[in-house]
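Inspection log for the structure reproduced underneath, given as structure tokens.
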Amino acid sequence: MSASPASPASPVSVTVLGLGLMGSALAEALLAAGHRVTVWNRTASKAAPLVAHGAVQAATVREAIEASPLTISCVLDYDTQHALLEPAAGALHGRTLVSLTNGTPAQAGATEAWAHALGASYLDGGIMAVPHQIATPEAFFFYSGAQDPFDAHRTTLAALGAPKYLGTDVGTASLYDLALLSGMDMMFAGFFHATAVATSHKGTTASGFTEHLVAWLTSMLGMMPLMAADIDSDGPPVYEQTLDLVVAAARNMGDVARGTGVRPDHFDRTVAELEARIAAGETAYSARAAVQHLRVPTRG
Ligand code: FVH
């Protein structure tokens with residue numbers, strides 16, 4: 001990411017609230033794209049590198065919001081965000097607020113209602129990147145909420161990473177964001193578990209073993225679209241195994257963990273759950289059944 005400003009066809013004024021690792025990367029990307037950037041952060045000293053690159057530092061949240069038609073908020077969580085915005089709420093009238101703070105669909109819905117009651121436009125966003133990936137081809141962002149503010153600010157937001165608009169249901173961006181983060185979290189949990197088991201072997205390094213793990217998981221990624229098609233369909237699954245085979249493998253994975261001094265709890269829970277399904281008369285293991293068994297009744 002370059003700090004020397006480019007000259008976009010239409011430079012615009014943008015405010016960034018929150019200059020943690022991510023907020024600073026967002027502000028830097030907007031500056032690099034040639035926009036006029038106003039910043040505010042609780043710890044004022046974090047603005048210094050951005051001011052050196054041309055940002056204007058606002059003394060208050062209200063002053064920051066008033067500087068631009070578009071305010072991007074990226075702080076710790078929604079409670080923090082609301083506490084910052086509430087005293088300056090009047091300044092949002094006629095402006096657009098984009099929240100890139102991580103939160104839930106319910107928080108997105110409450111913030112949209114709050115913003116609309118103030119006469120502000122609102123978009124909720126999910127950042128699918130880490131700070132050093134901002135403004136690179138790897139970065140993409142989910143947005144949801146009213147179409148008009150997205151259309152109005154799409155080009156500006158594209159300076160951060162590819163914008164993917166998910167529609168007017170404001171909770172969709174955070175739903176997708178948290179679903180992708182859940183997948184990532186469980187993938188890393190699998191990596192940590194596999195590495196703990198493998199490095200119990202004398203002479204095996206995490207780096208050496210991880211070459212095998214990455215090759216294996218990369219080949220398994222190709223299964224996901226097939227499994228997804230099965231989950232979407234009502235027909236016979238394309239990919240299916242017997243539950244007996246899957247429970248036997250899970251039992252072995254739990255036993256090897258126990259034998260190598262690694263916590264076996266995940267596999268013990270899996271074995272118990274699969275045995276209950278076998279006892280209930282199920283015989284087949286498919287992606288569709290796996291997803292169905294994850295669902296719990298929700299209160300209506
Ligand atoms: N960093 C990442 O990799 C992930 C990538 C995906 C999206 N997340 C979300 O982005 C939000 C901000 O994350 P961050 O990386 O900037 O986080 P920090 O570096 O820890 O900065 C936190 C900012 O929040 C401000 N803040 C915290 N508490 C308060 C408060 N009580 N009052 C006012 N501001 C507060 C903090 O201010 P300061 O400590 O510098 O004064 C930072 O600006 C987040 O939702 C991630 O989940 C990032």
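The values are calculated or read from the model by the stated rules, or taken from the named source; none is laboratory data. Predicted model, so just to flag it, every value in this text is computed and none were measured. Cβ sites come from the backbone with ideal geometry, for glycine too, and all protein chains shown count toward neighbours. Only protein heavy atoms, including side chains, enter the accessible area calculation; ligands, DNA and RNA are left aside. Shrake-Rupley method; radii C 1.70, N 1.55, O 1.52, S 1.80 Å.
For first residues located in segment 191-202 and in contact (Cβ under 8 Å) with a residue 12 or more places away in the chain, partners that are open to solvent by 60 Å² or more (accessible area, probe 1.4 Å) and charged (D, E, K, R) and lie 6+ apart or on another chain with Cβ distances below 9 Å form the pairs HIS193/ARG263; ALA196/ARG263. Tell me, which residue of segment 62-112 that is among the charged types (D, E, K, R) and within 16 Å of the ligand (Cβ to nearest atom) is surrounded by the fewest Cβ atoms within 10 Å (Cβ to Cβ)? Looking at residues that are among the charged types (D, E, K, R) and within 16 Å of the ligand (Cβ to nearest atom), I get GLU86. Return yes or no: is ALA58 crowded, with 19+ Cβ neighbours inside 10 Å and either more than 15 Å from the ligand (Cβ to nearest atom) or in the same structural domain as GLY171 (by TED's automatic domain parsing) (or both)? When the stated conditions are applied, ALA58 passes them. Residues in segment 194-217: is at least one within 20 Å of ALA129 (Cβ to Cβ), surrounded by 11 or more Cβ atoms within 10 Å (Cβ to Cβ) and outside the structural domain of GLY145 (by TED's automatic domain parsing)? No: segment 194-217 contains no residue that is within 20 Å of ALA129 (Cβ to Cβ), surrounded by 11 or more Cβ atoms within 10 Å (Cβ to Cβ) and outside the structural domain of GLY145 (by TED's automatic domain parsing). Out of MET186, MET220, one residue alone is under 30 Å from LEU123 (Cα atoms) and either assigned to a helix (DSSP H, G or I) or in contact with a helix residue (DSSP H, G or I) (Cβ under 6 Å, 6 or more places away or on another chain) (or both). It is MET186. Consider segment 129-161 and keep the residues that are assigned to a strand (DSSP E or B) and crowded, with 20+ Cβ neighbours inside 10 Å. The one that is farthest from the chain's Cα centre (by Cα) is GLY145.
Taken over segment 113-128, residues that are away from the ligand (no atom under 14 Å from the Cβ) and open to solvent by less than 30 Å² (accessible area, probe 1.4 Å) amount to 4. Looking across segment 6-36 at every residue that is under 15 Å from LEU100 (Cβ atoms) and either touching a Gly at 6+ places or on another chain (Cβ under 7 Å) or open to solvent by 40 Å² or more (accessible area, probe 1.4 Å) (or both), the one that is nearest to the ligand (Cβ to nearest atom) is identified as LEU21.
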